[in-house]
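Student: Structure provided below as structure tokens; questions to follow.
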Amino acid sequence: MWLIVELLLVIGKVLCLGTVITQISALLVEGFVHPDYKPVLEAFKRNLHKGWERDGAAFAVYHNGRMVIDIWGGFADFDSCRPWREDTMSIAFSSSKAVGAVCVALLVDRKLVSYDDKVASFWPEFATRGKEEITLQMVMEHTAGLPLIDHKITFEEASDWVSMSNRFEDQKPIWKPGTRVGYHALTFGWLVDLIIRRVDPGKRGVGQFFREEIAIPHNIDFHFGLPVELTHRVSRIRKPSMWNRVEEWLADPETVDYRSVFKNYLTNGLMLRVVDNATWLQSIFRVTLNNPELYRLEQCAALGIGTSRSLAKLMQLYMDGKIVSKQTVELTSHPTVVKMRDCVTYATTDRGWGFTHSHFAYKLCFAYLSNGLKSGLGDRARPYVQLLRALYSTLPERNNNKLDLFHVDTSFQLELEE
């Protein structure tokens with residue numbers, strides 16, 4: 001009997017401590033909010049106070065070309081109570097893909113390559129085993145049929161672009177290229193890097209190309225291959241508990257299609273094989289992403305690292321035609337894959353040119369990064385939804401001039417992460 005009482009007291013203390021910590025994290029909110037957007041700040045604080053955002057986060061918003069919100073709060077490292085600071089960076093997961101897409105768009109804008117070009121035209125060794133007709137556009141829109149390779153990718157191979165080239169040259173597409181869409185959760189990053197190395201006159205990898213052509217000229221604090229001296233600024237990723245997953249599902253049953261997830265698990269389906277293609281890069285059953293050795297990889301599918309401020313700024317500059325021409329912005333403003341069910345994630349999304357496309361009625365550009373993983377797909381994550389609702393409540397009445405929003409692709413920034 002006394003053992004049960006003591007156990008209940010311990011549980012009570014833990015719950016009380018958790019409540020205190022969430023209340024403290026809600027107080028650790030700093031940054032800038034234009035007075036007209038105050039409801040967004042309140043929503044951000046409420047996410048932390050209620051524990052919907054269990055760790056830390058940052059949210060940056062541009063409206064009509066000007067920054068109106070730049071806030072951060074909570075913990076960069078929950079276990080050590082390290083607060084999220086102005087310069088805290090976070091792994092951007094699949095948001096990284098949008099940055100890789102900007103790099104490719106810049107090469108296209110400079111007439112060095114076309115989206116309709118066959119990959120084999122600049123990478124002859126690629127034209128084997130049914131890959132002869134794969135175009136750059138197929139790679140960017142996730143229809144190339146290469147969501148995984150038939151070989152477990154080791155960290156050593158991932159660190160060597162020549163080894164990765166050999167693997168893709170030997171790989172047979174999972175489906176006939178161009179006939180299906182399937183999320184290239186990890187392989188997108190290596191394919192884009194290998195393409196850039198062959199198209200760029202300087203033969204640079206995606207990390208060096210982005211740094212020299214975009215990040216430095218525009219003061220963008222985002223990295224593919226993080227310098228070791230900056231690792232102390234990176235937030236620590238924490239996976240959700242079983243209760244977190246259940247509670248999030250109860251709040252929104254469409255957050256995760258657990259039926260499809262369990263079916264994949266039981267049948268060793270495509271989604272499970274994609275996720276398990278690199279066992280050292282995991283965030284579902286275990287989190288390996290806090291290993292600082294991973295930060296140095298030039299991997300633009302999942303391992304971009306930076307601030308939400310810089311992500312939002314980058315996409316605003318892109319939309320403004322300050323990175324590529326207005327013609328290229330217009331070209332990439334319209335999805336090439338519309339309302340097709342993804343054979344890997346089972347999601348129905350609009351894709352093209354390396355971006356995930358969403359249609360909004362306002363001239364908005366925003367980025368949201370957090371280090372506490374949630375269940376499901378990014379656009380259904382509760383803290384994100386709450387922030388968007390608050391943001392829309394502050395905007396003028398809807399006009400008829402709908403624009404594509406190049407928001408960062410958060411499709412796998414959660415429990416179903418690669």
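The values are calculated or read from the model by the stated rules, or taken from the named source; none is laboratory data. The model shown is predicted, which means the values in this text are computed figures rather than measured ones. So basically every Cβ, Gly included, is an ideal-geometry build from the backbone, and we count neighbours across all protein chains shown. SASA here: full protein model, heavy atoms, side chains in, ligands and nucleic acids out. Shrake-Rupley method; radii C 1.70, N 1.55, O 1.52, S 1.80 Å.
Student: Given a Förster distance of 45 Å, report the FRET efficiency between residue 117 and residue 50 from their Cβ-Cβ distance, rounded to the nearest 0.05. Don't jump to the answer; show the numbers that get you there.
Tutor: Numbers: r = 50 Å, r/R0 = 1.10.
It comes to 0.35.
Student: Sequence-distant or interchain residues sharing an amide H contact under 5 Å with residue 340, placed H: which?
Tutor: When sequence neighbours closer than 5 places are left aside, the close amide H contacts are 349.
Student: Further question: For the chain, what does the accessible surface come to per residue with a 1.4 Å probe? Please give it in Å².
Tutor: Working: 18130 Å² over 418 residues.
Value for the chain: 43 Å² per residue.
Student: Heavy atoms only, probe 1.4 Å: what % of the accessible area of the chain goes to carbon and sulfur, would you let me know? If you can, show how the numbers build up before the last one.
Tutor: On the way: 10100 of 18130 Å².
Here it works out to 56 percent.
Student: Mind checking which of 267, 231, 279 has the largest fluctuation in a GNM of the chain, springs on alpha carbons under 10 Å?
Tutor: 267
Student: Could you work out, for region 32-141, what percent of all Cα-Cα pairs fall into each 10 Å distance bin, beginning at 0 Å and stopping at the bin that holds the largest distance?
Tutor: Per 10 Å bin, starting at zero, the Cα-Cα P(r) for region 32-141 comes out as 12, 27, 23, 16, 19, 4 percent.
Student: Along Cα→Cβ, 7 Å out, is where each label goes; now give me the distance between the ones at residue 163 and residue 395 in nm to one decimal.
Tutor: 4.6
Student: So, one more: What full-extension length gain, to one decimal in nm, is calculated for residue 203 and residue 133 as 0.36 nm per residue of separation minus the Cα-Cα distance? All intermediate terms of the calculation are to be shown ahead of the outcome.
Tutor: Values: separation 70, 0.36 × 70 = 25.20 nm, distance 2.35 nm.
Taking residue 203 through residue 133 to full extension adds about 22.9 nm, to one decimal.
Student: Step by step: find N for region 176-288, compute 2.2 N^0.38 Å, then divide the Cα radius of gyration by it. What's the final number?
Tutor: Values: Rg = 18.7 Å, N = 113, 2.2 N^0.38 = 13.3 Å.
Compactness ratio reported: 1.41.
Student: Run the quick spin-label model on residue 273 and residue 293: label points 7 Å from Cα toward the beta carbon, then report their separation in nm to one decimal.
Tutor: With each label placed 7 Å out from Cα toward Cβ, I get 2.8 nm.
Student: Tell me, in nm to one decimal, what length is gained between residue 286 and residue 327 on full extension, where the rule is 0.36 nm per residue of separation less the Cα-Cα distance? All intermediate terms of the calculation are to be shown ahead of the outcome.
Tutor: Numbers: separation 41, 0.36 × 41 = 14.76 nm, distance 4.38 nm.
Length difference between fully extended and current span is 10.4 nm.
Student: Take the Cα coordinates of the chain, assign each an equal point scatterer, and use the Debye formula without solvent to give log10 I(q)/I(0) at q = 0.06 Å⁻¹.
Tutor: -0.24
Student: Could you give the length gained on full extension between residue 334 and residue 219, defined as 0.36 nm per residue of separation minus the Cα-Cα distance, in nm? Write down the numbers at each step before the final one.
Tutor: Values: separation 115, 0.36 × 115 = 41.40 nm, distance 2.78 nm.
Result: 38.6 nm gained on full extension.
Student: Using only Cα atoms, tell me the angle between helix 38-49 and the longest principal axis of the chain; keep it within 0 to 90° and round to the nearest 10.
Tutor: 70
Student: Taking amide H positions as placed in the peptide plane 1.01 Å from N, state which residues far from residue 89 in sequence (5 or more) or on other chains have amide H under 5 Å from it.
Tutor: 234, 235
Student: Taking the Cα centre of the chain as origin, sum charge times position over the Cβ atoms of Lys and Arg (+1) and Asp and Glu (-1), and report the length of that vector in debye to the nearest 20.
Tutor: Numbers: 49 positive and 49 negative charges, 114 e Å.
Rounded to the nearest 20 debye, it is 540 debye.
Student: Plugging the Kirkwood radius over Cα pairs into Stokes-Einstein for region 254-391, at a temperature of 4 °C and a viscosity of 1.567 mPa s, what D comes out in µm²/s? Spell out each step's value before the answer.
Tutor: Details: Rh = 17.6 Å.
Estimated via Stokes-Einstein, D reaches 74 µm²/s.
Student: Same structure again: Amide H neighbours of residue 28 under 5 Å, counting only residues 5+ apart in sequence or on other chains, H built in-plane at 1.01 Å?
Tutor: 74
Student: Quick one: 3J(HN,Hα) in Hz for region 379-384, Karplus 6.51/-1.76/1.60 with θ = phi - 60°, rounded, Gly and Pro as x.
Tutor: Going residue by residue, I get 6, 9, 4, 4, x, 5 Hz, with x marking Gly and Pro.
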